[in-house]
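Visitor: Here it is, the structure, as structure tokens.
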Amino acid sequence: MKINMDKPATRWAEGFPLGNGFFGAMVYGGTYDETVDLSASTWFSGNSDWDNNCPDTGAEVFSKMRKEAINNNFSVVRELTADYMGSRLNYGTNLPLAQLKITDINKLTSENERTNEGYNRSLDLQTGLCSVDWQNSQDGNTAQINRREYFVSHVDRVIAMRVVGSNMLPDMEISLSGEGLRTLSFSNTDITYMPDYSASCNLIVGASARESMHSDGTTGANGIISIKILSKDGQISFDNKCNNIMLSDSRECILLLTFASDLEQNSELLQTFCTNTLDQAAKLGWKKLLTRHIEDFSPAMERVHLKLGRIADWNKPADKSVHELAASTDEDEKQGLTALLFQFGRYLLHSSSRSDSPLPAHLQGIWNDSVASRIGWTCDMHLDINTQMNYWPAEITALSESTDPLLDWIENILVPSGHITARKCYGLDGWAAELVSNAWGFSAPYWSPNLSPCPTGGAWLIQQLWQRYLFNQDDQELQNRIMPIIYEAALFLSQYLFEIPGEPYLQSGPSISPENTFVVDGGSYQASLSPVYEIAVIRDIFQSYLEASKVSAILEPGDDRYQKLAHTIEQQLEKLPPYRIAEDGTLSEWSHDYPAADSQHRHTSHLLGLYPYMQITPEETPELAAAAQATIDKRLTPADNWEDTGWSRSLLMLYSASLKKGNQAYEHINSMLSNLLQEALLVKHPPTRGAPAFDDVYEMDGNTGLTTCIAHMLLQSPERGVIELLPALPTAWQEGSVSGLRAAGGLEFDIEWENGCLQHAEIVSRCDQKIRVLYNGNVVMVELDAGLLYTLRL
């Protein structure tokens, strides 16, 4: 569970990411010059102004759009969208926080360059500890052994770095730079409580999240960055002209940094909070700080272990491995790297989203590459795949608490905003959120007619909350928190559906199939009635609501508030339009047969019935499964014209795994390793014709999607009480084992296989229950007692 590199990073994507759910650090691991890029969950530009973002006449305009859509007047629908869609105004974006630089002053003043040897940079995924080791010599002097250690503590809320050397450390200049920073104070501080250290200082910097591409340049979060430096021997001073800290004659240096913004607490208390946080962390000392961090971080990472093939531990330099594997035929090498990437996706989610994080993970988790925030997409919470995929590994790979901030944000920020959107844009009860959102819970229709309306983004997202209940069986949380959210989403969608006289099925819309376009008489259009994606989301919400309402009725038998809607939804569910197979054998994306403007578009939202909804399966709906496969084949032909991105390739893996085509899923994994994996194992979103950018963009969903797929290839639960073992095991994975995978119903599995065949599975259940276990055509009914281990051999 270690990533190794034999040279420092030269750019952001080569760095090692650290995070604690509040703020993040990207460590470059330089020798003379160290760079650490800082980021924070709440560091958003912009603000909230719902009266402007939701047009007052939205519901009236939408009614006109629906009438025109019924008659296929798509050009008029598009024209009306201009009077209906939301306004961007001060939407904002997550921004980079600052850049921390540590410069070896001797290198700047010496006539002779030092030579470096024995360099190694590593990231331990199990402990969240990054280390950099190297030796250097100058003018023929004895080599000095150097070591830097870094971690970002959640329990003590600090970024911690320690620099040690076998001799005296070089004199160092420490600086903090970035947009919107201003030095507030510097002071040498008392050090009597740490007798091993002779000097200490505090630097307090004010910060403002401002930019003018996605907002007006005057709005955004405000915060405080505070740094404390401790030195063994040596002196610490401050260069007022350059705003740099100077450290000289030191044998060891500890740097502690913390941050807080006014989006998470009272602005008047920020400076006091940061100062107290650093003082308390310093008094603990390095050893205790590190121990507390590991005890807090490691248990979640240790819950799941994966071994693929004969390589138990992957220890090659990652940057060389990525390039070599592109042309390699060594399956053991690929399997070793694949197992490491599985854990890396878990690590990224665990580092980005902790139980008390102020916001859920955004497009880049908790980091910011300074690319996404400077292009049209923005670095935010995209609700048409990216935020969903960020959290897909949470339940199956035993990181359920990472969804706590997602639930908090939906419940307290997105839903209240969505009430306004439902009422003002649709004239309906309940709540709705559209294509994108941010720290303030933006839920209005997107500000482009190409991307609105799309009122099911929020409904798609709360599928994660229903999965949270299914896996953890927390009845009280379901009743008190999740059920009200699902109820109001289902209420909106129930009212959103409508009838057309003479038509056998209910209709929805007009709305888009994210982010695709169809062509009619040479014109390009997006919104139409009942796109397949939207009906799939509605079907899933209705099915989840009906199941949840039954649990609610048992928990509170005298409360019938949810049962009335359940009765309506039962009838509507039977009248939803079915999936359609087009003349070319593919699964239709729309309710009409007009062709797509881009037949190889990266978005495949109409295949959500394959994954995550599993409404389409080879066993229950073989014709639809065949149509889904035909859709995938057409999207990829010719291969070099497919809009290949991290998340879109992850979806292809997941679709193949759901179709039980393990070798095909494995091919998609290899394609990601060859074409989309960057040197430090971050998966990229390269510029595409539909999503242009000035550089590759990091999106966390590429990594978390890969992790989800690997788990999905080994364990599937198509419905509660039904488990399939090794449903999509590729031929290349002849031997392996996984422990700690979770399944719906409070189940935990350890699985081992050899020669491509299951050897045994161990099952533990949180409650007494009967389950049906499937493997290779065999079906076994298993009766489980809560907490007791059951060993299954087939």
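The values are calculated or read from the model by the stated rules, or taken from the named source; none is laboratory data. Model, not experiment: these values are computed from the prediction. So basically every Cβ, Gly included, is an ideal-geometry build from the backbone, and we count neighbours across all protein chains shown. What goes into the accessible areas is simple: the full protein's heavy atoms, side chains included, and nothing from ligands, DNA or RNA. Shrake-Rupley method; radii C 1.70, N 1.55, O 1.52, S 1.80 Å.
Visitor: Quick check on the chain: what does the Kirkwood estimate of hydrodynamic radius come out to from the alpha carbon pairs, in Å?
Guide: 27.6
Visitor: If each residue of separation counts as 0.36 nm, what is the full-extension length gain between THR272 and THR192 once their alpha-carbon separation is subtracted?
Guide: Computed gain between THR272 and THR192 is 26.7 nm.
Visitor: Further, regarding this structure: Residue by residue through the stretch 378-383, which ³J(HN,Hα) values in whole Hz follow from phi under the Karplus form 6.51 cos²θ - 1.76 cosθ + 1.60 (θ = phi - 60°), with glycine and proline marked x?
Guide: 6, 9, 8, 9, 6, 9
Visitor: Let me ask something else. Non-local amide H neighbours of PHE238 (under 5 Å, H modeled in plane, Pro and chain starts lacking H): which ones?
Guide: MET246
Visitor: Let me ask another. Can you list residues from other chains, or at least 5 along the same chain, whose modelled amide H is less than 5 Å from the amide H of SER185?
Guide: Those qualifying (amide H under 5 Å, at least 5 residues apart or on another chain) are ILE204.
Visitor: Now, a different point. Can you show me the helix-derived [θ] at 222 nm for the chain, built from DSSP H runs with n ≥ 4 at -39,500 (n - 2.57) apiece and divided by the number of residues, rounded to the nearest 500.
Guide: Mean residue ellipticity, 222 nm, calculated: -9500 deg cm²/dmol.
Visitor: I would also like to ask the following. Would you mind computing, in nm to one decimal, how far apart the modelled labels at ALA630 and ASN243 are, each placed 7 Å from Cα along Cα→Cβ?
Guide: 6.3
Visitor: Continuing with this model, one more query. Using a 1.4 angstrom probe on the protein heavy atoms only, could you order ARG157, ARG374 from most to least accessible area?
Guide: Descending accessible area places them as ARG374, ARG157.
Visitor: Using the Cβ atoms and a cut-off under 9 Å, what net charge is assigned to the surroundings of PRO358, where Lys and Arg are +1 and Asp and Glu are -1?
Guide: Local net charge: -3.
Visitor: Which order do you get for THR637, THR81, THR291 if you rank them by accessible area with a 1.4 Å probe, largest at the top?
Guide: THR637, THR291, THR81
Visitor: Shape verdict for the stretch 367-429, please, from the Cα gyration tensor: rounded (a/c under 1.5), prolate (a/b greater than b/c) or oblate.
Guide: Oblate, since a/c reaches 1.5 and b/c is not below a/b.
Visitor: Using alpha carbons only, how many angstrom separate the centre of the stretch 612-645 from the centre of the stretch 653-681?
Guide: 14
Visitor: What list of ³J(HN,Hα) values in whole Hz, one per residue of the stretch 499-513 in order, does the Karplus curve 6.51 cos²θ - 1.76 cosθ + 1.60 (θ = phi - 60°) give from phi, with Gly and Pro shown as x?
Guide: Along the stretch 499-513, the couplings run 10, 10, x, x, 8, x, 10, 5, 10, 9, x, x, 7, 9, 9 Hz.
Visitor: Could you do me a favour and compute the accessible area per residue for the stretch 444-603, 1.4 Å probe, result in Å²?
Guide: Ligands and nucleic acids excluded, the figure is 36 Å² per residue.
Visitor: Just want to confirm a number: the relative contact order over the chain, from Cα pairs under 8 angstrom separated by 6+ residues, in percent.
Guide: Dividing the mean separation by the residue count of the chain yields 12 percent.
Visitor: Okay, moving on. How far is it, in nm, from the label point at GLU401 to the one at ARG303 when both lie 7 Å from their Cα along the line to the Cβ?
Guide: The two pseudo-label positions are separated by 0.9 nm.
Visitor: How much of LYS232 can a 1.4 Å solvent probe reach, expressed as accessible area in Å² and rounded to 10?
Guide: The accessible area comes out at roughly 40 Å².
Visitor: Using the Karplus equation 6.51 cos²θ - 1.76 cosθ + 1.60 (θ = phi - 60°), what ³J(HN,Hα) coupling, rounded to whole Hz, does each residue of the stretch 655-670 give in order, writing x for Gly and Pro?
Guide: Listing the rounded values in order: 4, 5, 5, 5, 7, 6, 10, x, 5, 5, 4, 5, 4, 5, 4, 4 Hz.
Visitor: If you don't mind, another one. If the only charges are +1 at each Lys and Arg Cβ and -1 at each Asp and Glu Cβ, what is the size of the charge dipole of the stretch 532-594 around the Cα centre, to the nearest 20 debye?
Guide: Computed charge dipole of the stretch 532-594: roughly 240 debye.
Visitor: In straight Cα distance, which lysines are under 17 Å from LYS232, not counting same-chain residues fewer than 8 positions off?
Guide: Excluding near neighbours in sequence, the set is LYS283, LYS287.
Visitor: Let me ask something else about it. From the Cα trace of the stretch 449-555, what convex hull volume per residue do you get, rounded to a whole Å³?
Guide: Output value, Cα hull per residue: 110 Å³.
Visitor: Taking 0.36 nm per intervening residue step and subtracting the Cα-Cα distance, what contour gain separates GLN126 from GLN572 on full extension?
Guide: 155.8 nm
Visitor: Any idea of the accessible area per residue across the stretch 635-738, 1.4 Å probe, to the nearest Å²?
Guide: Value for the stretch 635-738: 26 Å² per residue.
Visitor: Pop out the carbon and sulfur fraction of the accessible area of the chain as a percent, whole number, probe 1.4 Å.
Guide: Carbon-and-sulfur percentage of accessible area, whole number: 46.
Visitor: Name the residues whose placed amide hydrogens come within less than 5 Å of the amide hydrogen of GLY365, ignoring near sequence neighbours (fewer than 5 apart) on the same chain.
Guide: Result for GLY365 returns MET700.
Visitor: Could you please report the charge total around ALA548, scoring K, R as +1 and D, E as -1 over all other residues with beta-carbon less than 14 angstrom from its beta-carbon?
Guide: Taking every other residue near ALA548 into account, the sum is -4.
Visitor: Assuming R0 = 51 Å, what is the FRET efficiency of ASP233 and SER674, from their Cβ-Cβ distance, to the nearest 0.05?
Guide: With R0 = 51 Å, the Cβ-Cβ based efficiency is 0.50.
Visitor: With just the Cα atoms of the stretch 176-228, tell me how far they stretch along each of the three principal axes, in Å, largest first.
Guide: The Cα atoms of the stretch 176-228 stretch 50, 14, 14 Å along the principal axes, largest first.
Visitor: With +1 on each Lys and Arg Cβ and -1 on each Asp and Glu Cβ, how big is the dipole of the chain about its Cα centre, in debye rounded to the nearest 20?
Guide: For this selection, approximately 460 debye.
Visitor: Just to confirm a number: summing +1 for Lys and Arg and -1 for Asp and Glu over residues other than ALA582 whose beta-carbon lies under 11 angstrom from that of ALA582, what do you get?
Guide: Neighbourhood net charge equals -2.
Visitor: What is the mean projected area of the alpha carbon convex hull for the stretch 22-90, to one decimal in square nanometres?
Guide: 8.3
Visitor: Another question, then. Along each principal axis of its Cα atoms, how long is the stretch 163-254 end to end? Whole angstroms, biggest number first, please.
Guide: The Cα atoms of the stretch 163-254 stretch 50, 25, 22 Å along the principal axes, largest first.
Visitor: Among GLY458, SER357, PRO393, whose Cα sits farthest toward the positive end of the charge dipole of the chain (+1 at Cβ of Lys/Arg, -1 at Cβ of Asp/Glu, about the Cα centre)?
Guide: Farthest along the dipole direction, towards plus: SER357.
Visitor: Hey, another quick one. So which lysines can LYS64 reach, going by Cα to Cα under 26 Å and dropping same-chain residues fewer than 8 places off?
Guide: Qualifying lysines at Cα under 26 Å: LYS424, LYS575.
Visitor: Further question on the same structure: Compute the length gained on full extension between LYS288 and ASN663: take 0.36 nm times their separation in residues and subtract their Cα-Cα distance, giving the result in nm to one decimal.
Guide: Going from the current span to full extension adds 130.3 nm.
Visitor: Leaving out ligands and nucleic acids, note down the accessible area per residue over the stretch 147-223 with a 1.4 angstrom probe, in whole Å².
Guide: 40
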